[in-house]
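Beneath this line is the structure, given in structure tokens, with notes to follow.
The values are calculated or read from the model by the stated rules, or taken from the named source; none is laboratory data. Values in this document were obtained by computation on a predicted structure and should not be read as measured data. Neighbour counts run over all protein chains shown; Cβ positions are idealised from the backbone, glycine included. What goes into the accessible areas is simple: the full protein's heavy atoms, side chains included, and nothing from ligands, DNA or RNA. Shrake-Rupley method; radii C 1.70, N 1.55, O 1.52, S 1.80 Å.
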Amino acid sequence: MRPPKLTMALLATPEALAGVRRALRAQAGPDCHELQLCAVELVTNVLRHVGEGVPVAVRVLHADGRVRLEVTDPDPRSLPVPSAVAGDAEGGRGLVLLDALALRWGVDTGPCDKTVWCELPAGPEASWQGPAHALVLGGSVHRVEWPATGPAGDPSAQPAGRARRMRSHNSSNSGVPTNTARSTASAPP
């Protein structure tokens with residue numbers, strides 16, 4: 001797989017779900033409904049089963065005709081398990097939905113975290129903006145952009161100290177930039 005097309009850092013909160021959808025739409029285009037749905041389901045699972053306010057990393061990679069979505073949280077013990085759900089239950093269908101939409105999905109665990117991932121058929125890669133990091137705070141997306149200077153657009157190869165543009169997207173204005181600020185941090189978020 002190539003470097004991530006999108007990396008998001010967020011806290012698992014109900015308000016962050018809109019920011020996840022917005023960031024995916026901004027990077028993948030308006031026809032990424034299945035990707036948005038899978039991402040929201042996986043972040044919702046973290047919210048419900050690990051806890052509100054837990055730090056989460058969301059990554060989207062694109063290669064070989066597939067889009068791989070990864071959601072990492074700090075609890076390697078709380079593993080996703082599909083369950084039988086009563087017909088009138090309000091929840092509990094997220095993994096069944098994920099299983100129906102994804103080509104495949106799974107869980108990778110480490111000593112201090114776990115990553116739940118799924119792979120979906122990819123649309124044309126040309127429609128992707130590319131690579132970006134986003135910090136999702138509530139329903140707002142703070143998207144950090146910089147020119148690609150490393151191999152295959154690897155943002156980690158950017159020289160230290162180079163200024164980056166940050167645009168804040170407020171949930172109330174449908175992704176229209178509300179302000180522009182300069183950041184001189186030397187490491188990607």
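Taking a ≥ b ≥ c as the square roots of the Cα gyration tensor eigenvalues, with a/c under 1.5 meaning rounded and otherwise prolate when a/b beats b/c, else oblate, which class fits the stretch 12-110?
Rounded is the answer for the stretch 12-110, as its axis ratio a/c remains below 1.5.
Let me check I've understood the local charge: for Gly106, count other residues with C-beta under 13 angstrom from its C-beta, Lys and Arg +1, Asp and Glu -1. What total comes out?
Net local charge, Gly106 excluded: -1.
Can you give me the distance in nm between label points at Ser83 and Val107, each placed 7 Å from the Cα along the Cα-to-Cβ direction?
Distance between the two pseudo-spin positions: 1.3 nm.
Using a 1.4 Å probe and ignoring any ligands, DNA or RNA, find the accessible area of Glu41 and quote it in Å² to the nearest 10.
Its accessible surface works out to 50 Å², give or take rounding.
Ordering Arg68, Arg48, Arg25 by how much accessible area each has at a 1.4 Å probe, largest first, what is the list?
Reading off the accessible areas and sorting them downward yields Arg48, Arg25, Arg68.
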